[in-house]
Structure formats: structure tokens, C-alpha cells
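Single-structure report; data block below.
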Amino acid sequence: MNVSDVKDSLPEPWREGVETRMLVSARNGAAQLCIFEQWVAPGAGAPTHRHSVEEVLSVRAGQAEIWLDAQRAVVTSGQCLVIPAGVRHGFRNCGEGTLHLHAVLASPVFEAMMEGATEPTRRWEQPVTRADQG
């Protein structure tokens, strides 16, 4: 049994206006899921991108404008959206306060192909060893 204690881990800068805290990934033993939280400043978000796996975005606080290809919706606290594998999508905080998102990817490694990029962005793929923990 692998219990991960993430309550004291600090969010890491992701992009301007976005901080992310990884909860579950290959980094701490997951084989099929990547779960993380994001705190997003007003106006900030994620540019259009796609994943090779399904993703679920849940809004914990605030409101997000989320797009899937040409469709757009405002998703608010307590709502979630399933994003099919391969669908271009992105989001932005369209509210006045901090947007808190909970995300689940059906892969233990975060991998996204940003629109216009030639190489995917990858995060949390290496297991943490005792040497990494100090």
C-alpha cells in the first residue's frame, strides 16, 4: 500500500497565473492515473492543447470558460466536464476570484500536445527516489 501525503506539498508554478499541485502520478506510484489540482488567477488558464487520453476537469471554486474544439461552456463550482481523448481543448478563469480545478487524466504521466507545438509537454514521469527526497 502506497499512501501519499500531499497536504504539505507546495504548488509549483505551471505557467503565468497558474500553480499546480500533483496528487497522484507515475512519480508516486500510479500506473494508470494522473490527478492534480490547479489554482488559476483571473484571466489565466491553459492554452489549446490535446491529450491522447480522456481527462476530467472538476471546478472546486470559481468559474472556468472551457472549450472543446469549437464548443464553449462556462463550468462553475461543483460541476465537471469529461474531455474525450484527442479533442483540442483549453480553459481560462473567466471569474473575478481564483479558479480552483481538480483534474484527472487516464495516464500516470501528464502529457499534452500544445497547439502549434512539435513536441509534447511531459510532467511527473519519474518515480521519486529516497535520494530525491533528501
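Could you state the number of Å between the C-alpha centres of the stretch 104-125 and the stretch 3-61?
What the calculation gives is 12 Å, centre to centre.
Give me the net charge of Pro84's neighbourhood, meaning all other residues with Cβ under 14 Å from the Cβ of Pro84; Lys, Arg count +1, Asp, Glu -1.
Combined, the nearby Lys, Arg, Asp and Glu give -1.
If you take Rg and Dmax of the Cα atoms in Å from the coordinates, which of (i) 17.5, 64; (ii) 14.7, 47; (iii) 13.6, 39 do you get?
(ii)
If I model a spin label at Val74 and Ala61 as a point 7 Å from the Cα along the Cα→Cβ vector, what separation in nanometres do I get?
In this crude label model, Val74 to Ala61 measures out at 2.0 nm.
We did not get these values from a lab; they are worked out from the coordinates using the rules stated. This structure is a prediction, so every number in the text was calculated from the model and none was measured. For neighbour counting, all protein chains shown are included, and Cβ atoms are generated from backbone atoms with ideal geometry for every residue, glycine included.
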